[in-house]
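The values are calculated or read from the model by the stated rules, or taken from the named source; none is laboratory data. Because the structure is a prediction, the values reported are computed rather than measured. Cβ sites come from the backbone with ideal geometry, for glycine too, and all protein chains shown count toward neighbours. Quick note on the areas: whole protein, heavy atoms, side chains included, nothing else; ligands and nucleic acids left out. Shrake-Rupley method; radii C 1.70, N 1.55, O 1.52, S 1.80 Å.
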Amino acid sequence: MKNILEMRNITKEFPGVKALDNVNFQVKEGEIHCLVGENGAGKSTLMKVLSGVYPHGNYDGDIVLNGEVQKFARINDSEKKGIAIIYQELALVPEMSVYENIFLGHEFHKKGIVNWHSTRVEAIKMLEKVNLSVHPSTKVIDLGVGVQQLIEIAKALSKDVKLLILDEPTASLNEDDSENLLKLLKDLKKEGVTSIMISHKLKEVIAIADTVTVLRDGKTICSLDASKGEVVEKDIIKYMVGREINDIFPKRENKKFGDVLLEVKDWSAFDKNLGRHVVKNVNFNIREGEIVGIAGLMGAGRTEFAHSIFGNMKEYGLTGEIFIKGKPVKHNHPSDAIKNGLAYVSEDRKGDGLILIQDVKQNITLANLNKIAKRTVIDKHEEVIVAEGFRQSLNIKTPSIEQKVNNLSGGNQQKVAIGKWLFVEPNVLILDEPTRGIDVGAKYEIYTLMNELIAKGMSVIMISSELPEVLGMSDRVYVMAEGKLTGELPIEEATQEKIMEMATL
Amino acid sequence: MFKELRAALSENIRDYGMYIALAVIMVIFTVLTDGLFLTPRVLSDLIDMTGYIAVLSVGMTLVIVIRHIDLSVGYVAGFLGAISAILSFKLGWSIWVIIPATLALGAMIGMFWTGTLVARLKVPAFVATLAAMTIFRGLLIKVTNSETIFTGNEAFNAIGNGYIPDIAKVDGFHILTIIIGVLAVLAFVFMEIRNRKKLIQYKLRVSSMPMFIIKLAFVASVVMFFIFKLASFKGLSWTAIIVGVVVFIYNFITKNTTLGRHIYAVGGNPEAAELSGISVKFITYVVFASMGMLAALSGILFTARLQSATPTAGMGFELDAIAGAFVGGTSASGGVGKVTGSIIGALVMASLSKGMDLMNVGVSYQYIIRGLVLVVAVIFDVQTRNMKSKKA
């Protein structure tokens, strides 16, 4: 069988990070090729290069499709060559009908006037191809995620797709829908459609893949051939995590744990918008002076767990109990959680962590303004003193505390976010991906700070996708997958392989 | 020193832009009208005709800061103005009762109508207030019975037309006005010096001493110039005093209180504010209640100015108030905007009207020119914002 696609020596750099480093990637015609790797391994970036999201010239290396070197300037170019990419976040227009969605952007028309009759007829043909029996006039908003996923595929097929790329297609599907989708991929394979599937679920990968390529830290690690019996779960995990841990973590002297500070029992969160549980029956506890890591892959429900116990309900229906020092508490709003000694440093600094258009001191004092106010009038002396204090103790590199946070580097923004939550003097500090997107030096400073905090009797919950960090810093590790706690390991027993196994159920 | 002046200007162009614009407009009109524009009578009238829009602009600033809009304020002002006229004429209440009662009613409209719809039921503010606009237009016609209602109360009318009493008249100057002006300037100088001392103490950046003195001298002379102009006529009007008090209070709240900080946090990033323990819902209620209250005040000022309530009062106020806020540097994307800026913005718009009136420019051209000025102001705002983020 010949290769439909070869990506040769692809290198893609972002400011400060090499996302792809000389990646080679070959896909044979008519196969199902799975691309696996940890978060940040470069899978999505590679697919974006392939589909023209990052245009030619924006990366180094060659894309060879059917023996020809391709220079895609935009997504349309790759679509014309028969490449279609389906993202995890579906790109359908919810208020439009199924048939309108399928032919959106390439309508049947004469001089701009749409021929709805042939659109409907063709749409029905496409729906048959994906074994879907919904009425084509149904609005997409009224359909489940699984069906929407199939409509995306129908849309791709209507463009005469040769190479179908799916980015974690089953991440938000239930078991039946997932099975359905995998079966469809096999059917399409018989019709000559080549698929590339990014997935975190190794069981699926093993069930469906002809070839598996493993990426790690932006490099191709290996390509495994199913027909030669190379696709084995243990090996895949080994290749995925097999990096040596050479990050250095600050040592911690004499660990001392107190009583259980926070305990969560049978905790579930039902997301009314998604129509499914994002957190399911989680039992969790943390003691004074302990760092507990929560490992897992993206979409495992870790951030949702943190938000829900922090009282940021959004559209969640919650069940279960929270105990602080043995007393049951209820958090209806983040302000309740803050009063009860919790603090949450968000994973998304820019999205819901900081107010970028305000300056350093305003951000630091925001969550506890009353502390520097007398009868609601802010003492601006006090504010400057507080902010200046954190600037020095956290080593925030900024020309002045009156600098807008927008203008700081990622690491310094993160320090501002941490400073803001230390100012509320919490007992339990939840750090969600505390070192994402920041440089090594700042990482080390944050690790050191965590150790200082627990030495004072604080507890730290660290949600992290970086296994070395989880293993290097935690006293105990919880692993989450699909909203459930799938494992709990004392640090002595935790290894990268064990954690990855629990995270990829 | 010129270098520093230029640097300071270009760095703070967003803050100074509208002051410069106002100065330019005033100079242009003064030249074009042979000095008529800067006569005491015209200035005094300019302030009074800005007053009822200016208070709306103050409230609108906060509404826009938290990323909403309020289209209903014009007819709410008209309606509450009519209510106050009825209370005065038909029931004969004293203004000391009418004013607080009307303000409370306004706050309740903002809280229970707009606040509930926007904060609780998640109706877009544009729609919720568009509906309120129509409703209060109807209510205004209903309560006035399509007739003009006179207030029939001297004290009431003085709010919009009267001047503060004088303690003594020297050389035709209104002494109390001058005293108030001097006190205001002294207070300003005192606050600036104290602020500068603090900044130096915390090692934060301050302008050089000569620059600082020039700034103080400049502001003081501009204020005293206008004060003397007014004092040579009838002195400060009650409208000017009321607007001054409103600006002072709102400026203080937005800059110095936890509530003010919470409002800007909600505007800057609602998700981050919520996660910081601030209730976005509560802030939304408060801001719309304040808007309703200021709409009531605007209604009272307008009714007093006309000495009567009319069935069409309030028409188009909301647009002037929104224009004032935008011209004054409030950002349409939320989180940014100063109360003082919006007052200047309202003054810019009013000066344009007044100046063109004096020049006998036709109404059609007046509307076109004011529209263009609004667009230019927003272009300026958007462009300078990009400039600032690039610099960093």
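What do you reckon, is B:Ala377 open to solvent by less than 40 Å² (accessible area, probe 1.4 Å), within 21 Å of the chain's Cα centre (by Cα), over 24 Å from A:Asn407 (Cβ atoms) and modelled with pLDDT under 90? If you could, list the steps in order and put the result at the bottom.
Values: open to solvent by less than 40 Å² (accessible area, probe 1.4 Å): yes; within 21 Å of the chain's Cα centre (by Cα): yes; over 24 Å from A:Asn407 (Cβ atoms): yes; modelled with pLDDT under 90: yes.
Criteria met by B:Ala377.
Being of a type in the set (Ser, Thr, Tyr), buried (at least 24 other Cβ atoms within 10 Å of the Cβ) and farther than 13 Å from B:Gly324 by Cβ narrows it down to one residue among B:Ser57, B:Ser94, B:Ser72; which is it? Let's see the steps before the verdict.
Working: B:Ser57 fails: farther than 13 Å from B:Gly324 by Cβ; B:Ser94 fails: buried (at least 24 other Cβ atoms within 10 Å of the Cβ).
None of the other options fit; the residue is B:Ser72.
Of all residues in the stretch A:153-172, none are in contact with a Ser or Thr (Cβ under 7 Å, 6 or more places away or on another chain) and part of a helix (DSSP H, G or I).
Quick check, is B:Phe282 within 14 Å of another protein chain (Cβ to nearest Cβ), assigned to a helix (DSSP H, G or I) and either at pLDDT below 95 or open to solvent by 40 Å² or more (accessible area, probe 1.4 Å) (or both)? When the stated conditions are applied, B:Phe282 passes them.
Could you list, in sequence order, the residues of the stretch A:38-57 that are at positive phi and crowded, with 20+ Cβ neighbours inside 10 Å? Step through it out loud before you land on a result.
If we filter the stretch A:38-57 for residues that are at positive phi, which is where we start, we get A:40, A:42, A:52, A:57.
Listed by number, the residues that qualify are A:Gly42, A:Gly52.
Tell me, yes or no, whether the stretch B:43-53 has at least one residue that is of a type outside the set (Gly, Ala, Ser) and farther than 21 Å from B:Ser237 by Cβ. No, the stretch B:43-53 contains no residue that is of a type outside the set (Gly, Ala, Ser) and farther than 21 Å from B:Ser237 by Cβ. Specify which of the listed residues (A:Val241, A:Val231, A:Val264, A:Val279) is under 23 Å from A:Ile10 (Cβ atoms) and open to solvent by less than 60 Å² (accessible area, probe 1.4 Å). Within the list A:Val241, A:Val231, A:Val264, A:Val279, the selection yields A:Val241.
Taking the criterion of being open to solvent by 40 Å² or more (accessible area, probe 1.4 Å) and touching a residue at least 24 places away in the same chain (Cβ under 8 Å), the only residue of the stretch A:111-123 that qualifies is A:Glu122.
Scanning the stretch B:298-323 for residues that are more than 25 Å from B:Ala377 (Cβ to Cβ) and crowded, with 24+ Cβ neighbours inside 10 Å yields a count of 6. Summed over the stretch A:459-483, residues that are of a type in the set (Ser, Thr, Tyr) and either open to solvent by 10 Å² or more (accessible area, probe 1.4 Å) or under 17 Å from the mean Cα position of the chain (by Cα) (or both) total 2.
For the stretch A:185-228, a tally of residues being open to solvent by 20 Å² or more (accessible area, probe 1.4 Å), among the small types (Gly, Ala, Ser) and within 18 Å of A:Lys162 (Cβ to Cβ) returns 1.
So, in the stretch A:383-415, exactly how many residues are within 30 Å of A:Lys325 (Cβ to Cβ) and among the β-branched types (Val, Ile, Thr)? Walk me through how you get there before you give the answer.
Taking the stretch A:383-415 and keeping what is within 30 Å of A:Lys325 (Cβ to Cβ), we get A:386, A:389-390, A:393-394, A:414-415.
So of that shortlist, the ones also among the β-branched types (Val, Ile, Thr) come out as A:386.
Total meeting the criteria: 1.
Looking at A:Lys251, A:Lys219, just one residue is among the basic types (Lys, Arg) and modelled with pLDDT under 85, and that residue is A:Lys251. The number of residues in the stretch B:324-335 that are surrounded by fewer than 21 Cβ atoms within 10 Å (Cβ to Cβ) and of a type in the set (A, V, I, L, M) comes to 1. Taking the stretch B:187-205 as the range and being within 22 Å of B:Ile242 (Cβ to Cβ) and either in contact with a helix residue (DSSP H, G or I) (Cβ under 9 Å, 6 or more places away or on another chain) or surrounded by 14 or more Cβ atoms within 10 Å (Cβ to Cβ) (or both) as the test, only B:Phe188 passes.
Restricted to the stretch B:221-240, and to residues that are open to solvent by 50 Å² or more (accessible area, probe 1.4 Å) and either aliphatic (A, V, I, L, M) or touching a residue at least 60 places away in the same chain (Cβ under 8 Å) (or both), which residue is farthest from B:Val266 (Cα to Cα)?
Among them, the one singled out is B:Ser232.
Of the strands (runs of 3 or more DSSP E) lying entirely inside the stretch A:12-88, the ones with 3 or more residues being touching a residue at least 60 places away in the same chain (Cβ under 8 Å) are found at A:17-28, A:32-36, A:83-86.
Could we say that A:Thr486 is more than 20 Å from A:Phe284 (Cα to Cα) and surrounded by fewer than 22 Cβ atoms within 10 Å (Cβ to Cβ) here? No; evaluated as a whole, the condition is false for this residue.
Report whether or not B:Val280 is closer than 27 Å to B:Ile300 by Cβ and touching a residue at least 12 places away in the same chain (Cβ under 8 Å). Reasoning before the result, please.
Values: closer than 27 Å to B:Ile300 by Cβ: no; touching a residue at least 12 places away in the same chain (Cβ under 8 Å): yes.
Answer is no for this residue.
In the set (1) surrounded by 15 or more Cβ atoms within 10 Å (Cβ to Cβ); (2) away from chain A (no Cβ under 14 Å); (3) within 26 Å of the chain's Cα centre (by Cα), B:Phe218 fails one condition alone, (1).
Return the residue satisfying two criteria in turn: it lies in the stretch B:265-279 and is part of a helix (DSSP H, G or I) and more than 7 Å from chain A (Cβ to nearest Cβ), and of such residues it is nearest to A:Asn368 (Cα to Cα).
As a first pass, look at the stretch B:265-279 and keep what is part of a helix (DSSP H, G or I): B:265-268, B:270-275.
Pick out the ones that are also more than 7 Å from chain A (Cβ to nearest Cβ) and you get B:266-267, B:270, B:273.
Working: B:Val266: 15, B:Gly267: 18, B:Pro270: 16, B:Ala273: 12 Å.
Among those that are part of a helix (DSSP H, G or I) and more than 7 Å from chain A (Cβ to nearest Cβ), it is B:Ala273.
From the set of residues in the stretch B:253-264 that are open to solvent by 40 Å² or more (accessible area, probe 1.4 Å) and at pLDDT 95 or above, which is farthest from the other protein chains (Cβ to nearest Cβ)? By that ranking, first place goes to B:Ile253.
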